[in-house]
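In what follows, a single structure is set out as structure tokens and then discussed.
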Amino acid sequence: MGLFAPPVQYAASPVALLAVWQACVQIGFVRRHVLPAPTDVAFVWFDLITGATDAAARYSGTWFDHAAASIWRVFAGFAWGVALGTLAGLLIGLSRFIERVFDPTIQVVRNIPVTAWVPLSLVFFGIGNAPAVFLIGLGTFFPAAVNTTHGVRQVNATLTKAARMMGANERELLVRVILPAALPSIMTGMRLSMGIAWVLVVVAEILAVRSGLGYLLNDAYLFYRNDVVIAAMLSIGMLGFISDRIVVLVRNHLLEWNRLETFSGQN
Amino acid sequence: MARISLRHVEKTFASRHGKVTALADINLDIVDQEFITIVGASGCGKSTLLNLLAGFDTATSGELTVDGVPIDGPGPDRGVMFQQAALFPWLSVADNIAFGLRLRANRHKASPEIIVERMLKRTGLLASRSRRPAELSGGMRQRVAIASVLAINPSILLMDEPFGALDTLTRSIMQEFLLEIWEEERKTALFVTHDIDEAIYLADRTVVMTARPGRVREIISVDLPRPRRYDVRSEKCFIALRDYVTGIVREEAIRGAADT
């Protein structure tokens, strides 16, 4: 399908959504205090970032501090969760012995929703960055581990045979064959982890810290500032989107070969 | 003296229906620079035999030796070509050929770049050097596979139906190409196939296997002059050999089908 140029195709649904939303508020279908119009949100958002108009009152100009706090937590949690998860996934994928020893534990713990860890993490770490980074790390560990294991197990046996035939030792087999072959799955795990990290940073900031976009969102809700709530929501969505794009860009850069091997969608 | 020697080799697999004997009492000697093909009906254990020689699998009993040394795992002295060309999809053609040369096990004096260049030239892949495997045809993929195996300079070539997935025309071109390279290098070669034409065309000796459990039914000397061109197939002695081998293979295939 190619009725319009690609930029038009990309812009169509967000523009339509904003127009309907604006219209609903404008004709009085919903009250402005319950659901502020896109233009109101934009106005508040601008002040939130720049502090120029005081439209966001007590939140005026605080955006960068909150955003930086959230971004730091997401990446700190993501870093340790994904690093450990990928390592665990590799070990489990490589060895049936390690799988038998660790996999039952991982499968049970994985099925405890990460949000159920909030009370204990507060008891362990108190209020602050630590419980947030802990929760995000825990949440990102599992998708990374499970997808890495899957990726390692999926490696074509002919390739590992060929490498051994040519004289590859264990380390060369891992670095030159198994890791690159498992990379598509590892990157899928990272992408899922990044999504989960942004969910958990909001949960953590509502419950465990006094800064960040999640805290801003919850605090504005308590003060009936739905325009600020929506601006915070959109900020989180936007940062989540950018993080996802970064992971996708890295993936596409590393996995250019994979696009040639797979279906990859039609234009 | 035999380069490759098999003595009373037996291989059994455990399956849901109990033990399955894939190979029973295989005895075979392959001399230096000999081209041996193994032909048999599907399921006769010919690929299993090749896996044992490659060192990917171990025999249940019996002895397999290369130059008198028992086979213990795969190694660069025995280059293997698989039915599906074993190419690393993330590497270019040139990097695939260089793969074995960049491993620590590589003992070549020449730099990988020089050998890769030579291999690209020999296999007619110079123009495709930076392409990825996904961009190549089946015949070209097997060319790259041949080049990457030859690059590590094994003294023995083990081939498991490498042209089985190719169309008839490409297959016959690849057979000729393989012989051309073999005439130059004279490596000891063992080639597994179910294609009787191919088995005779390539071989000094053709080993015909029985239906499961696989045994050596008969070893047939192919005394056609070398170098062979593809049109040797229409000569009387080739046709006579083919008819003879076809007769035995058919007999075994029917017997195998009746047993299972």
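Read-outs: derived from the displayed coordinates by stated rules, not from any lab. Keep in mind that what you see is a predicted model, and the values were worked out from it rather than measured. All Cβ positions, even for glycine, are placed from backbone atoms using ideal geometry, and neighbour counts span all protein chains on display.
To test your reading of the geometry: what angle, between 0 and 90 degrees and rounded to tens, separates the Cα axis of helix A:96-110 from the longest principal axis of chain A? For helix A:96-110, the angle is close to 20 degrees. For the listed peptides A:98-111, A:170-183, a ranking on the average number of other beta carbons within 10 Å per residue, highest first, reads A:170-183, A:98-111. Couplings 3J(HN,Hα) for the stretch A:211-228, derived from phi with the Karplus relation 6.51 cos²θ - 1.76 cosθ + 1.60 (θ = phi - 60°), are 7, x, 5, x, 5, 4, 4, 5, 5, 5, 4, 5, 9, 6, 9, 4, 5, 5 Hz, where x marks Gly and Pro.
Centre-to-centre, using Cα atoms only, the stretch A:1-28 and the stretch B:187-238 are separated by 70 Å.
The string of couplings for the stretch B:181-194 from the Karplus curve (6.51, -1.76, 1.60, θ = phi - 60°) is 5, 5, 4, 6, 9, 6, 7, 5, 10, 10, 10, 9, 7, 10 Hz, one whole number per residue in order, with x for Gly and Pro.
FRET efficiency for the A:Leu249 to A:Ala83 pair, using the beta carbon distance and R₀ = 25 Å, is estimated at 0.80. Across chain A, Cα pairs under 8 Å and at least six residues apart give a relative contact order of 21 percent. FRET efficiency for the A:Ala23 to A:Ile206 pair, using the beta carbon distance and R₀ = 30 Å, is estimated at 0.40. For the protein assembly as shown, the number of Lys pairs separated by eight or more positions or lying on different chains, with C-alpha atoms closer than 27 Å, is 14. Once the Cα atoms are used to define both axes, helix A:179-207 deviates from the longest principal axis of chain A by about 30 degrees. Please state the shape class of the stretch B:181-250: rounded when a/c is under 1.5, otherwise prolate if a/b exceeds b/c and oblate if not, all from the C-alpha gyration tensor. Note, shape of the stretch B:181-250 comes out oblate. The sum of -39500 (n - 2.57) across all DSSP H runs of n ≥ 4, divided by the residue count of the protein assembly as shown, sets its helix-only mean residue ellipticity at 222 nm to -18000 deg cm²/dmol. When chain B is treated as a Gaussian network with alpha carbon springs shorter than 10 Å, the biggest mean-square fluctuation among B:Leu150, B:Leu178, B:Leu158 belongs to B:Leu178. What nm distance separates the two modelled labels at A:Thr158 and A:Thr39, each placed 7 Å from Cα along Cα→Cβ? My value for the distance between the label points is 6.4 nm. The base-10 log of I(q)/I(0) for chain B, evaluated at q = 0.09 Å⁻¹, reads -0.41 [Debye formula, identical scatterers on Cα atoms, solvent excluded]. Under the combined filter of DSSP loop state and at most 13 neighbouring Cβ atoms within 10 Å, the stretch B:105-156 retains these trypsin sites (Lys or Arg not before Pro): B:Arg107, B:Lys109. For a test of the definition: using alpha carbon positions, the gyration tensor, and the 1.5 limit on a/c, classify chain A as rounded, prolate or oblate. Note, shape of chain A comes out oblate.
Would you look at the GNM of chain A, springs on alpha carbons closer than 10 Å, and say which of A:Asn218, A:Asn156, A:Asn129 moves the most? The residue that fluctuates most here is A:Asn156. If the chain linking B:Asp223 and B:Thr246 were pulled fully straight, counting 0.36 nm for each residue of separation and taking away their Cα-Cα distance, it would gain 6.5 nm.
The angle separating the long axis of helix B:138-151 from the principal Cα axis of greatest extent in chain B is about 80 degrees. Between A:Arg259 and A:Val30, the distance separating the two model label sites (each 7 Å from Cα on the Cα→Cβ line) works out to 3.8 nm. Would you please classify the overall shape of the stretch A:1-60 from the alpha carbon gyration tensor, given that a ≥ b ≥ c denote the square roots of the eigenvalues, rounded means a/c under 1.5, and beyond that prolate means a/b larger than b/c while oblate covers the rest? Since a/c reaches 1.5 but b/c is at least a/b, the shape of the stretch A:1-60 is classed as oblate. Given contacts defined as C-alpha pairs under 8 Å and at least six residues apart, what's the relative contact order of chain B, whole-number percent? Once divided by the residue count of chain B, the mean separation gives 26 percent. A:Asp40 sits among other residues whose Cβ lies under 9 Å from its own Cβ, and their net charge, with Lys and Arg +1 and Asp and Glu -1, is 0. Placing a pseudo-label 7 Å from each Cα along the Cα-to-Cβ vector at B:Ala105 and B:Ala134 gives an inter-label distance of 2.8 nm.
Starting from 0.36 nm per residue, how many nanometres of slack lie between A:Ala12 and A:Phe46 once their C-alpha separation is accounted for? Taking A:Ala12 through A:Phe46 to full extension adds about 9.8 nm, to one decimal.
Summarising the amide proton neighbourhood of B:Gly214: residues at separation of 5 or more, or on other chains, whose placed amide H is nearer than 5 Å comprise B:Leu23, B:Ala24. Phi-derived couplings, Karplus 6.51 cos²θ - 1.76 cosθ + 1.60 at θ = phi - 60°, listed residue by residue for the stretch B:100-107: x, 6, 8, 7, 5, 6, 5, 10 Hz, with x used for Gly and Pro. Remark on B:Met159: its backbone amide H falls under 5 Å from those of B:Met81, B:Leu190, B:Phe191, B:Val192, a criterion applied only to residues 5 or more positions apart or on other chains, H modelled at 1.01 Å from N. Working from Cα pairs under 8 Å separated by at least six residues, relative contact order for the stretch A:1-60 is 18 percent.
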